[in-house]
Amino acid sequence: MGCCFSVGLKIESSRLDGKVTSASVPPSPRSQAEILQSGDLKPFSFNVLKMATRNFRPDSVLGEGGFGSVFKGWIDEQSLAAAKPGTGTVIAVKRLNQEGLQGHQEWLTEINYLGLLNHPNLVKLIGYCLEDDHRMLVYEFMPRGSLENHLFRRSSYFQPLSWNLRIKVALGAAKGLAYLHSPEAKVIYRDFKSSNILIDSSYNAKLSDFGLAKDGPVDGKSYVSTRVMGTYGYAAPEYMATGHLTAKSDIYSFGVVLLEILTGRRCIDKNRPTGEQKLVEFAKPYLTSKRRILQIMDPRLSGQYSPNVAMRAALLATKCLLKDPKHRPSADEVVKSLDQLQDLQKAADVSRREPIRKHGDGKLVYYPRPAGSGSGSGSGSGSGSS
Ligand SMILES: Nc1ncnc2c1ncn2[C@@H]1O[C@H](COP(=O)(O)OP(=O)(O)O)[C@@H](O)[C@H]1O
Ligand SMILES: [Mg+2]
């Protein structure tokens, strides 16, 4: 989890992961009853979710966030009753572990957005629980967890993602963002970070955690004025300084996540030497040339990427991180760049595998030549990636 904050008029309560938000989130124009009737959302009783998660067993915790813990559970999709583990439909249950209005508001905000929005790159909200003090959200289960786990957690369960899968996940997340920013949805996500990007069994990325989402500006305005909320390290500097929120604030955060993907470093890492703790500051001087970029690429990706593609990805991150939000690309442009980048990498992978001519001595020559072949074409890529 990142280190989160709220600066502004009044801090009213703090979240578990250090994220601090305000109780005075403006009320949604829709009433609570209307929001809860959104789309196809199912109301669940506390008892059903308690049984479905086997009494919120600690060993079924999928993750922890500012809102609370997320548990794995099983339900029968037809009757919506709790099912035996391993049968029926797998769900993820997010349980608010904090009292008060602010938690309730975030819970309602998430339902307000996810209940209505529908896109292959957004996690699906199945239903909710509102009973006494209990506030829960029931989502489709995402078997491969979060991007954060795959990038930073060292365990046999979460293998480091290959380069091609990193591009796939970045592209999926960018498509989710492009949908949110589209005229159809017009939503600013406000909490784009690797722990909020979830991955399904085929490595499709889906955005989750809409507790801080916000309607985009209306009536010809260029920004929404808000109290500053988000996560340190990911939030755009101009948003932190002024509270002026635009879709380009999300693009800045995308740039930070792209840097995490390229380098395998967390956006803020207190365990690194001074000067390397803030990823954006640390990485900037390296983003200027191919040679320098290669110095900060995640060493676990060695041999998987074409240096040209890595260079383009770094250039895209640099554009997303530009100081002036107007100069940052739109989410649609980010999708386009990543699509091209994916095609380029595929082409590089193919040419790397196929010998295109024979030397006089009968040896097969690959183009570009695999790294270490002696006369170096500069491909730098020897092995295939999944
Ligand atoms: N649908 C899901 N499937 C699998 N794991 C999930 C799911 N939703 C959340 N998680 C895990 O729980 C963590 C916290 O969830 P999140 O929705 O971001 O909560 P918070 O609002 O508390 O930050 C995620 O980073 C992820 O590891
Ligand atoms: Mg989260």
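Some points to look at:
Rundown of residues vs (1) assigned to a helix (DSSP H, G or I); (2) crowded, with 17+ Cβ neighbours inside 10 Å, yes/no style:
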| residue | (1), (2) |
| --- | --- |
| THR274 | no, no |
| ALA283 | yes, yes |
| LEU294 | yes, no |
| ARG300 | yes, no |
| LYS323 | no, no |
| SER337 | yes, yes |
| LEU344 | yes, no |
| SER351 | yes, no |
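- Remark: pairs (first residue in the stretch 144-158, within 8 Å of ligand 1 (Cβ to nearest atom); second residue part of a helix (DSSP H, G or I); Cβ separation under 6 Å; 6+ apart in sequence or on different chains) = SER146/SER195; GLU148/SER194; GLU148/SER195.
- Qualifying residue in the stretch 158-172 (condition: outside the structural domain of ASN55 (by TED's automatic domain parsing), under 11 Å from the mean Cα position of the chain (by Cα) and within 14 Å of ligand 2 (Cβ to nearest atom)): no
- Residue in the stretch 213-236 that is within 16 Å of ligand 2 (Cβ to nearest atom), closer than 18 Å to ASN121 by Cβ and of a type in the set (A, V, I, L, M, F, W, C) present: yes
- Long-range neighbours under 8 Å by Cβ, at least six apart or interchain, first residue outside the structural domain of LEU171 (by TED's automatic domain parsing) and modelled with pLDDT under 95 within the stretch 115-133, second outside any loop (DSSP other than H, G, I, E, B) and within 15 Å of ligand 1 (Cβ to nearest atom): GLY115/LEU125
- Any hit, the stretch 121-144, residues being basic (Lys, Arg), surrounded by fewer than 22 Cβ atoms within 10 Å (Cβ to Cβ) and either closer than 28 Å to SER182 by Cβ or within 16 Å of ligand 2 (Cβ to nearest atom) (or both): yes
- Search result, residues across the stretch 231-262 that are within 28 Å of LEU301 (Cβ to Cβ), in contact with a Gly (Cβ under 9 Å, 6 or more places away or on another chain) and surrounded by 19 or more Cβ atoms within 10 Å (Cβ to Cβ): THR231, GLY233, TYR234, ALA236, SER253, VAL256
- Sole residue being at pLDDT 95 or above, among the acidic types (Asp, Glu) and farther than 30 Å from SER302 by Cβ, chosen from GLU140, GLU99, GLU110, GLU77: GLU140
The values are calculated or read from the model by the stated rules, or taken from the named source; none is laboratory data. In this text, all values refer to a predicted model and were calculated from it rather than measured experimentally. Heads up, the Cβs are rebuilt from the backbone with ideal geometry, glycines too, and the neighbour counts pull from every protein chain shown.
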